[in-house]
Amino acid sequence: MKKILVANRGEIALRVMRSCREMGIKTVAVYSEADRNSPHVKYADEAVCIGPPPSNQSYLLGDKIIEVCKQLKVDGIHPGYGFLSENASFADKVTKAGIIFIGPSSEAMNIMGDKLSAKAAVKKYKIPMVPGTDGAIDDLDVAKKAAIAAGFPILIKASAGGGGKGMRIVDSIEDFEEQMNLAVSEATSSFGNGAVFIEKYLASPRHIEIQVLGDTHGNIVYLFERECSIQRRHQKVIEEAPSSVLTPELRAEMGRCAVDVARACNYVGAGTVEFLLDENLNFYFLEMNTRLQVEHPVTEMVTGIDLVKEQIKVARGEKLSFSQNDLTIKGHSLEVRVYAEDPSNNFLPDIGRLNTYRRPQGLGVRVDDGFEEGMDIPIYYDPMISKLISFGKDREEAINRMIRAIDDYKITGVQTTLPFCKFVLQHEAFVSGNFDTHFVKKYFTPEVLVHSNDDEMEVAAIIAAKLFHQQLAKNTVVSVNEVELVSKWKTNRLT
Ligand code: ADP
């Protein structure tokens, strides 16, 4: 492969291109009119505008992207995550056009893209499942019986659901019928597929997922787990590797199961097998994601393996260059997702301009982002600004380093989720490792963020001091110590 087109934008497009460069592979960016000045466009060797800002007129136009590949003699497409990354018919078209799709086969995507067909596919292996129904429910009486057998509360899940959407919790039999009807009509309108099934709603689960990697020669390995229990509305916000609750035996057991899940669909490339873990450390298969995950960097940090490079090598038909026994976990890594959202106002997107944008630096800090100071955050896409990743010799060091990096990260112009992330990292339940997927609901209220205004005040004070200096420079020369000014300003404000 000499030239790869990255069918994505933002941080993940840049992240993929960096690995390509290291491998001596040329890159092509595609972009919408809203992303004309984005770093991923500037970083690529070639870049092509594919349409107006809305993704259904640009980043989701598979045929147009394939056309660009033909014109520029591209030999591989990396889809990143989101957009076309789990679109089996796109993967098929890419392959039929004689271009390598850097990802699994469309068959594997089809099987794992649907939660019910995924469960059916892994049946022949010994994989623990959450108690519930095996297939889609179409008879209300049968559904009621299954719900009673699983025991309330239960979840009604859309088979085609994803991204934390398409799930309804039902607490008692009285609500069941109404919720069933709502779930089916919601699944039909949101996913174009009304199939739903029932799962027991686990009271206090942790979300643990296993990274797998398979080649075209039948080798599949697992690269250990990521703990993703810190979630908002079933969506991950902080991830880490390793999990503080897995024993080496449990890790190996979950790893083996994950490899079996991958084997069940002849998986090739990087994929993630998601499990829930209950209070008694029983684990249950949830689903498989057939792409590179947002949170993949924590795995890279603790294994030392560049997952994108491995994806490319496997797509070129190479054998994995390591076996399971070669893999070890070294140190600890955390990732926080930094969103342009206001945590003190129900996490409403806070779109605007990044007036100040200064990244944290130093040992063990990695920032995967797609923005520069002065850029606007477009309203058309996910409002994630960056992923801030820390690495330390152990969990404590990784946490302390992350808190330091959050403090060093200077962003003005938009509200961000950084203060919320700092709150989580400092919370006793997080520090002790004693938490589940309900952490945010249990402990977070906007009031807990009041004290973090200190940081914002400091940024505001620095800006005020700078402006003051500029004014002074224009008129008379007076020596004013900026730091002193900042501290005075803060004292004035605080008293
Ligand atoms: P999606 O495809 O939308 O991400 P998942 O099935 O992967 O849906 O589940 C997302 C999250 O929802 C999990 O991480 C967990 O927090 C919660 N969840 C899913 N199934 C259950 C369950 N049976 N019991 C309790 N929580 C669940």
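Within region 233-243, if we keep just the residues that are charged (D, E, K, R) and near the ligand (Cβ under 10 Å from one of its atoms), the residue that is nearest to the chain's Cα centre (by Cα) turns out to be Lys236. Residue pairs whose Cβ atoms lie under 8 Å apart, separated by 6 or more positions or on different chains, with the first residue in region 69-93 and in contact (Cβ under 8 Å) with a residue 12 or more places away in the chain and the second assigned to a strand (DSSP E or B) and charged (D, E, K, R), are Leu72/Lys3; Leu72/Glu46; Lys73/Lys3; Val74/Lys3; Asp75/Lys3; Gly76/Lys3.
Residues that are charged (D, E, K, R), surrounded by 23 or more Cβ atoms within 10 Å (Cβ to Cβ) and either more than 12 Å from the ligand (Cβ to nearest atom) or farther than 21 Å from Pro297 by Cα (or both) do not occur anywhere in region 213-223. Count of region 70-91 residues, restricted to those that are buried (at least 24 other Cβ atoms within 10 Å of the Cβ) and not in a loop (DSSP other than H, G, I, E, B), is 4. The combined condition, being in contact (Cβ under 8 Å) with a residue 40 or more places away in the chain, out of contact with any Pro (no Cβ under 7 Å at 6 or more places or on another chain) and away from the ligand (no atom under 16 Å from the Cβ), is fulfilled by Ile385. Run down Ser190, Ser204 and say which single residue is surrounded by fewer than 17 Cβ atoms within 10 Å (Cβ to Cβ), assigned to a loop (DSSP other than H, G, I, E, B) and within 13 Å of the ligand (Cβ to nearest atom). The unique qualifying residue is Ser204. With a cut-off of at least 2 residues that are of a type in the set (Val, Ile, Thr) and within 25 Å of Met384 (Cβ to Cβ), name the strands (runs of 3 or more DSSP E) lying wholly within region 223-306. Qualifying strands (runs of 3 or more DSSP E): 235-241, 269-277. The residues on offer are Ala195, Ala183, and the sole one that is more than 9 Å from the ligand (Cβ to nearest atom) and farther than 23 Å from Thr272 by Cβ is Ala183. I need the full set of residues from region 92-132 which are surrounded by fewer than 19 Cβ atoms within 10 Å (Cβ to Cβ), within 21 Å of Ile220 (Cα to Cα) and touching a Gly at 6+ places or on another chain (Cβ under 8 Å), in order please. Once the filter is applied, which keeps residues that are surrounded by fewer than 19 Cβ atoms within 10 Å (Cβ to Cβ), within 21 Å of Ile220 (Cα to Cα) and touching a Gly at 6+ places or on another chain (Cβ under 8 Å), region 92-132 yields Ile100, Ala120.
Kindly indicate the residue of region 273-293 that is within 16 Å of the chain's Cα centre (by Cα) and open to solvent by 20 Å² or more (accessible area, probe 1.4 Å) and also nearest to Ala315 (Cα to Cα) among those meeting that condition. Result: Arg291.
The values are calculated or read from the model by the stated rules, or taken from the named source; none is laboratory data. None of these values were measured; they are calculated from a predicted model. Ideal geometry is used to build each Cβ from the backbone, glycine not excepted, and the neighbour counts take in all protein chains shown. Calculation scope for accessible area: heavy atoms of the full protein, side chains included, ligands and nucleic acids excluded. Shrake-Rupley method; radii C 1.70, N 1.55, O 1.52, S 1.80 Å.
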